[in-house]
Amino acid sequence: STFLRVMRSSVVKAAGRALVQRTPKHKHARTFIAPVYNFAKRIMPKISDTERAALESGTIAFDKDLFSGDPSLKEICQKYKPVLTAEEQSFLNNEVEVLCEMLDGHQIDKDQNLSPKVWQYIRENKFMGMVIPKHFGGKGFGAHAHAKVVEKIAGRSLACAVTVMVPNSLGPGELLHHYGTPEQKAYYLPRLAHGIDIPCFGLTGPTNGSDAASMRDEGVVCMENGVLGMRVTFNKRYITLAPVATVVGLAFRLSDPNKLLTKGKEGITVALLPTEKNQFAPNGLPGLKVGDRHDPLGTAFMNGTVKGESVFVPMSCVIGGGGGTRLGWDKLLEGLGGGRGGPPPPPAV
């Protein structure tokens, strides 16, 4: 099972070793624990390459102290002291305060949508571009500021909080910033920062949830009319902002049976699919279907499906271009980890 495989991770093994080391040096206690731990190591199945990549991606922060078995709350608090900059605090006190005053929770639930004025205010004040660097037109805020903004908005409207949160966390913006080509960054990041484009990220599927390692969405490299691209079939659901998205970040498995790739590799790949023609998809993407809308828990934020059957996607749509194929589960986790770990919890506060 996945649980048994994960138990083989280096983190858990380190915790086990720490447990053995910290056990009182009583002959009977060590005689019992050490053999059991060593026996468990022998019988547990090895983890897969994908699972190892996921476990080894990113960095180790305070979780290392927790797994050591002897965490120091004082040291953790001294090491991690997130503070807002003057600009971030000003945004929280002014623009966010104005947005909260505009929100009518009852009317939002009744309409199942934010008002046109709220949508316009969010766009004009770069709420969707908080984490995008300033030189691309964004606010350049840190994860702590993003979390504080989402926390405050959630006190007035969960639907609005999620609408602001997703483009800054689970949208394709961060992956684009780290791994996109210069042309992709120059085109998309300013549009995302100003709310001209609304992003969503297509990862969750009917059979795999949000586990990219188990997804069945597939793309096959092909050449059509002299253009190198992929025929991609996908079925995504519960995709936040999908019904209003103008660009979809799509994760899928790429194969190259005819060996057409001159750079890049097969494997998990992420592409940006515009819903209208642009310089990366000059002929559009016939077959891309964004919608239908879901109704998760009766809340009013936009959530829906992203589907396509053998959609031709030019290689220029891949984040990083042709060399960006096989972005990889590890980079996908690193790109989405901060977004998943930071802003999503504040709405529950």
Criterion first (open to solvent by less than 60 Å² (accessible area, probe 1.4 Å), without any contact (Cβ under 8 Å) to a residue 60 or more places away in the chain and touching a strand residue (DSSP E or B) at 6+ places or on another chain (Cβ under 9 Å)) does residue 244 satisfy it? yes
Tell me, yes or no, whether the stretch 190-201 has at least one residue that is at negative phi, in a helix (DSSP H, G or I) and open to solvent by 60 Å² or more (accessible area, probe 1.4 Å). yes
Provide a single number: the residues in the stretch 122-158 that are assigned to a helix (DSSP H, G or I), open to solvent by less than 10 Å² (accessible area, probe 1.4 Å) and either of a type in the set (Ser, Thr, Tyr) or under 18 Å from residue 198 (Cα atoms) (or both). 6
With the checklist (1) among the small types (Gly, Ala, Ser); (2) in contact with a His (Cβ under 8 Å, 6 or more places away or on another chain); (3) within 26 Å of residue 310 (Cα to Cα) in hand, flag the one item residue 129 doesn't pass. (3)
Condition broken by residue 119, with the remaining ones in (1) in a helix (DSSP H, G or I); (2) touching a helix residue (DSSP H, G or I) at 6+ places or on another chain (Cβ under 8 Å); (3) within 14 Å of residue 300 (Cα to Cα); (4) among the hydrophobic types (A, V, I, L, M, F, W, C) satisfied: (2)
Hey, residue 301 crowded, with 18+ Cβ neighbours inside 10 Å and closer than 22 Å to residue 175 by Cα or not: no
I'd like the full set of residues that are in contact (Cβ under 8 Å) with a residue 40 or more places away in the chain, in a helix (DSSP H, G or I) and open to solvent by 20 Å² or more (accessible area, probe 1.4 Å), limited to the stretch 202-241. 213
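The values are calculated or read from the model by the stated rules, or taken from the named source; none is laboratory data. What you are looking at is a predicted structure, and each value in this text was computed from that prediction instead of being measured. Positions of Cβ are backbone-derived with ideal geometry, glycine not excepted, and every protein chain shown enters the neighbour counts. Please note that ligands, DNA and RNA were not included when accessible areas were found on the heavy atoms of the full protein model with its side chains. Shrake-Rupley method; radii C 1.70, N 1.55, O 1.52, S 1.80 Å.
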